[in-house]
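Structure first, commentary second.
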2 protein chains.
Amino acid sequence: MVSIKDIAKKAGVSISTVSYALNGSSKVTDETSSKILAIAKELNYVPNAAARTLKKRESRILGVFLTDFKGDVYGDLLDGMKEVCNAQGYDLIVCSGKRSHRMLPEQMIDGAIILDQTFTSEELLTYAERNSKIVVLDRELDHPNINQVLLDNKAGATLATEFLLEMGHKKIYIVSGPEGSFDSNQRMKAVRMVADRAGDVEWIEIVGNFKKSGGERAAEQVINEYNGPAAVFCMNDEMAIGFCNRIAETDLKVGEHIHLIGFDNIELTNYMQPRLATINYSKRKWGALASEQLIKILAGEQVDHERIYVTLIKGESVRKYADAAKRTEHHA
Amino acid sequence: MVSIKDIAKKAGVSISTVSYALNGSSKVTDETSSKILAIAKELNYVPNAAARTLKKRESRILGVFLTDFKGDVYGDLLDGMKEVCNAQGYDLIVCSGKRSHRMLPEQMIDGAIILDQTFTSEELLTYAERNSKIVVLDRELDHPNINQVLLDNKAGATLATEFLLEMGHKKIYIVSGPEGSFDSNQRMKAVRMVADRAGDVEWIEIVGNFKKSGGERAAEQVINEYNGPAAVFCMNDEMAIGFCNRIAETDLKVGEHIHLIGFDNIELTNYMQPRLATINYSKRKWGALASEQLIKILAGEQVDHERIYVTLIKGESVRKYADAAKRTEHHA
DNA sequence: TTGTATGCGTTATCAA
DNA sequence: TTGATAACGCATACAA
């Protein structure tokens, strides 16, 4: 490993001069500076990140933590984050798994964006209390060192539920996320509100897990209880896909007997037959905003919580109850 | 920030005793050790990663570099890597983009797995020469500090091409990856070999880019030149999807007029209508093996290059030429 | 068993 | 404009 000490020796100057030259300080003559730079290049000098981080007490690296690497949501989200980070002179690293948590308190990274169920809120608050800067995308958390950039879950769930009602459906299954999921709870509240206000709606909650398996299990129940067209709101697209997979093994048809809407508008929904109705939002914008907020906190700026707006995407996976009933009759 | 110095002060011992105690050395009495541990906990002590890395000259972090975060291939691959890394006491971070390259030479990470076109081979060789440990998944590179874990591209392309031939196709379009892509070049060689051996086969190369847009552009050309059933080998599934999307806007039908096979067996292909024929391999195993190799190199072990085996997945996107011709006739 | 002292590679303060 | 020197937090050889 070649260090500034080696350069200093070869150049016949002190290490501080080398440091200045390498960092482009104007305190050093152009002549010595260029000599030093030449030698640095010749020796293939590369600064040591650990030493720099130790001394400067910052790494210029931000970390984003994901529950797992498998999610279909992440591509654009991470791209949005990276773009902003890089533009602001930060690197972005993606981490997953419990043992990676340490990077935050150990100050390997300057701040973290959390979309990760393996962090408890207590854990995050502890880190925040010790002065870690954090942006959360998957929970509400109140702390001066924590900022929230959340999906407008209530608006999304309201849009989805109202869409089902508008299409004349009276029996609605809700497939939720895992117990304790913030997104799921928010969405459930909105569903309840809309359904209760509508009056003559029967709605049945099925606890899911935001994974395909949850959708499959929910489908199982819906199939068993089937006695006429039913509407289903899967609280994310991945479960909706699992749901469809299980339905495809039966005589029931999505968009005819089962009317299905998801949440997230992941790319795969474009290729489903029929096209899945779902809730859309800009993943890229979400990521970009999260990074912006984190960088602002790091700069000591005061920032408010942010919200990501959502829209309804209609798809043939949901059709009118009347039509559906007729078709079913016809079919029977 | 609380450091071992603070603990030492509070415990009335020296910093070295604290360091020993924290690292579970047997050199220190259980009594003092537990006292120190208690104080450490009380003060919320967390070791500083930069200092530890600087001193120990290793970070216990491995990095995987991806061309971008959007790829559909990555979920299981990264999971496989993470599993092995964590089991061996390493953390895994995922990086993308040119500015993240520095993490390798700056020794923020102990080693790197490369699946990233933004690295040139010269760059990687330079790092290897300076003693960075590297595993490449997307090119051949010969250096004591570099190991290869490559897909069996030739086998995959051979399987794909032979399948098209077996199904009676005589006109085959090949949609390649971007200029200079190792995977693409390997696959092309195999295609050439198989096609030339078969004799009466017309094959047309279309330069692609491994992205949807490349598939769309290729479809454009195939549509324009269409004069009867044609077979198409897109060198990855993503291009095959773009291809399908463009075809869907015409009267042509995949599996009837256009016979399409991809490469990668990404999840989305399960949901395509008709199901895309493609080449499959275990992404999880690929990732796991890459991590294993890297960790072995780091441990100073001598390792040989590895190969990931592939299999053919038949799908209704490719049907027999005879049938197809008949159907086309019927259709006309 | 514990303490002293040194160095990892940087940055940055203060003198020269 | 440059140099000597002191940190940053930790691990460890060596002394006590």
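The values are calculated or read from the model by the stated rules, or taken from the named source; none is laboratory data. Bear in mind that the values here come from a model prediction, so they are computed numbers and not experimental data. Counting neighbours? That spans all protein chains shown, and the Cβs are built from the backbone with ideal geometry, glycine included. Areas reflect the complete protein model, heavy atoms only, side chains present, ligands, DNA and RNA absent. Shrake-Rupley method; radii C 1.70, N 1.55, O 1.52, S 1.80 Å.
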Quantify how much of the Cα-Cα distance distribution of region B:216-315 extends past 17 Å, in percent. 57
Lys, Arg +1 and Asp, Glu -1 on Cβ, resulting dipole of region B:79-132 about Cα centre, debye, nearest 20: 180
Just to make sure I understand: if all protein chains stay in place, what is the order of A:222, B:2 by accessible area at 1.4 Å, largest first? B:2, A:222
Between residue A:123 and residue B:10, take the C-beta separation as r, use R0 = 25 Å, and let me know the FRET efficiency to the nearest 0.05. 0.55
Per q in 0.13, 0.24 Å⁻¹, report the Debye log10 I(q)/I(0) for region A:91-163, using one uniform scatterer on each alpha carbon and no solvent. -0.42, -1.09
Between residue B:226 and residue B:142, what's the calculated FRET efficiency when r is the beta-carbon distance and R0 is 56 Å? Round to 0.05. 0.80
Once the dipole of region A:4-47 is set up with Lys and Arg at +1 and Asp and Glu at -1 on Cβ about the Cα centre, which of A:21, A:34, A:45 lies farthest towards its positive end? A:45
Potential extension, residue A:3-residue A:285 segment - 0.36 nm per residue separation minus Cα distance: 97.4 nm
Pairwise FRET efficiency - residue A:200 versus residue B:204, Cβ, R0 = 51 Å, nearest 0.05: 0.25
Give the whole-number value, in cubic angstrom per residue, of the convex hull volume spanned by the C-alpha atoms of chain B. 152
Mind putting together the pair-distance distribution for region B:4-47? All Cα pairs, 10 Å bins, whole percent per bin, short to long. 34, 62, 4
Using the Cα centre of the protein assembly as shown as the reference point, and only Cβ charges (+1 on K/R, -1 on D/E), how large is the resulting charge dipole? Debye, rounded to the nearest 20. 1840
Where does the Debye-calculated log10 I(q)/I(0) of region A:154-212 sit at q = 0.14, 0.26 Å⁻¹, using only Cα point scatterers of equal weight, no solvent? -0.35, -1.09
Using a label point 7 Å beyond Cα on the Cα-Cβ vector, give me the inter-copy distances for residue B:38 in nanometres, one decimal, shortest first. 6.4
Using a 1.4 angstrom probe and counting only protein chains, how large is the accessible area of residue B:307 in Å², to 10? 120
So what is the 222 nm mean residue ellipticity for chain B from helices alone, if each DSSP H run of at least 4 adds -39500 (n - 2.57) and you divide by all residues, rounding to the nearest 500 deg cm²/dmol? -13000 deg cm²/dmol
Protein heavy-atom accessible area occluded, B/A pair - total, 1.4 Å probe, Å²: 4500
Solvent-accessible surface ranking, highest first, for B:20, A:271, B:309 at 1.4 angstrom: B:309, B:20, A:271
Give me the distance between the Cα centres of region A:99-150 and region B:76-133, rounded to whole Å. 25
How far is helix B:283-298 tilted, in degrees, relative to the longest principal axis of the Cα atoms in chain B, given as a value from 0 to 90 rounded to the nearest 10? 40
Lys, Arg +1 and Asp, Glu -1 on Cβ, resulting dipole of region A:4-47 about Cα centre, debye, nearest 20: 120
Cα-Cα pairs above 26 Å in region B:91-214: how many percent? 36
Between 0 and 90°, nearest 10: helix A:153-166 axis offset from chain A longest Cα axis: 20
In a GNM of chain A with a 10 Å cut-off on Cα contacts, which of A:240, A:11, A:248 has the highest mean-square fluctuation? A:11
Folded to 0 to 90 degrees: helix B:74-87 orientation relative to chain B principal axis, Cα: 30
Semi-axes (Å, rounded, descending) of the ellipsoid equivalent to the protein assembly as shown per its C-alpha gyration tensor are 48, 36, 21
Give me the compactness ratio for region B:128-287, meaning the Cα radius of gyration over 2.2 N^0.38 Å. 1.09
Just counting partner chain Cβ atoms within 10 Å, what average do the residues of peptide B:50-57 show around their Cβ? 6
